[in-house]
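The values are calculated or read from the model by the stated rules, or taken from the named source; none is laboratory data. This is a predicted model, so every value here is computed, not measured. FYI the Cβ positions are ideal-geometry reconstructions off the backbone, even for glycines, and counts take in every protein chain you see. For accessibility, only protein heavy atoms count, side chains too; no ligands or nucleic acids. Shrake-Rupley method; radii C 1.70, N 1.55, O 1.52, S 1.80 Å.
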Amino acid sequence: MRIEPVFLDGPAGRIECMIKHPSGGQASEPPPAAAVVCHPHPLFGGTMHNKVVHAAAGALSRAGLPVLRFNFRGVGLSEGRHDTGHGEQDDVRAVLDYLAGRFPAAPILVAGYSFGAFAGLKAGSGADRVSAMIGIGLPVSLYDFDFLRQSLKPLSIIQGELDRFGPLADVMAFAATLPAGAKVIPVAGAGHGFDGRLEEVARGVAAAIPPELTSAPAPPPS
């Protein structure tokens, strides 16, 4: 897999990105889809190099998708300052615009972990080019995810059984109220950080990709 560093112009200045290109295939061939993965809370050490983000990006890349990870404003080499999730949604929209220009024939999948799930899914739910969404460790006790009630996009949620910021029972109850539903993939024994459970996260992400958006065979049932 080839890693390509990218800097793009965002609403608060430069946004630092990395694109993981899948191995195999021809560079001239359009990918079946492109993906972005959004990282957890910047004020608690979240960056695009987070282990859960890395695991998710790896699973998406192995499915044949170019995957863009990026640092929210004020993180790493990205300019600007943290904006409590509001400006960060604009960062996601800037990244989506870039992907739409870079891969004009490809639908886009948005994934996010924790704070990144809030910012990413909120921006993605209102973007026409986004065809599917994956939330990892939804912190439903900390953020209002009611905006998902207005979305009909396919949504999968990968949630730790012991997540204290998003109790699994609460996430499953919330998913059942969404008009298009949501596929909830529990990770047994995992807390919010998914320590020791990264392989399960990667398998969950692979299983969550709609078949029409991947060039890889569907993963076997777990």
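Data table
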item	result
Qualifying position, being under 26 Å from GLY45 (Cα atoms), touching a residue at least 40 places away in the same chain (Cβ under 8 Å), more than 15 Å from the chain's Cα centre (by Cα) and open to solvent by 40 Å² or more (accessible area, probe 1.4 Å), among PHE165, PHE194	PHE165
Identity of the residue in the stretch 103-140, more than 27 Å from LEU43 (Cβ to Cβ) and over 11 Å from the mean Cα position of the chain (by Cα), that ends up surrounded by the most Cβ atoms within 10 Å (Cβ to Cβ)	ALA106
Selected residue (only one of ALA206, ALA188, ALA182 is modelled with pLDDT of 95 or more, in contact with a Leu (Cβ under 6 Å, 6 or more places away or on another chain) and among the hydrophobic types (A, V, I, L, M, F, W, C))	ALA182
Residue match in the stretch 149-170 (condition: among the basic types (Lys, Arg) and closer than 22 Å to ALA106 by Cα)	yes
Enumeration of residues in the stretch 125-147 that are in contact (Cβ under 8 Å) with a residue 60 or more places away in the chain and farther than 13 Å from ALA180 by Cβ	ILE134, ILE136, GLY137
Boolean, GLY58 is closer than 20 Å to GLU200 by Cβ and of a type in the set (Gly, Ala, Ser)	yes
Close pairs from the stretch 111-122: first under 15 Å from SER141 (Cα atoms) and of a type in the set (Phe, Trp, Tyr), partner in a helix (DSSP H, G or I) and open to solvent by less than 10 Å² (accessible area, probe 1.4 Å), Cβ under 7 Å, at least 6 apart	TYR113/VAL52; TYR113/VAL53; TYR113/ALA56
Residue list for the stretch 85-99, restricted to those being closer than 15 Å to PHE70 by Cβ and either of a type outside the set (D, E, K, R) or under 14 Å from the mean Cα position of the chain (by Cα) (or both)	GLY87, GLU88, GLN89, ASP91, VAL92, ARG93, ALA94, VAL95, LEU96, TYR98, LEU99
Qualifying residue in the stretch 148-158 (condition: open to solvent by 20 Å² or more (accessible area, probe 1.4 Å), of a type in the set (Gly, Ala, Ser) and touching a residue at least 12 places away in the same chain (Cβ under 8 Å))	no
Unique match (being of a type in the set (A, V, I, L, M), assigned to a loop (DSSP other than H, G, I, E, B) and either within 26 Å of HIS21 (Cα to Cα) or modelled with pLDDT under 95 (or both)) among ALA106, ALA111, ALA119	ALA106
In the stretch 81-95, the residues that are in contact with a helix residue (DSSP H, G or I) (Cβ under 7 Å, 6 or more places away or on another chain) and either open to solvent by 10 Å² or more (accessible area, probe 1.4 Å) or part of a helix (DSSP H, G or I) (or both)	HIS82, GLU88, GLN89, VAL92, ARG93
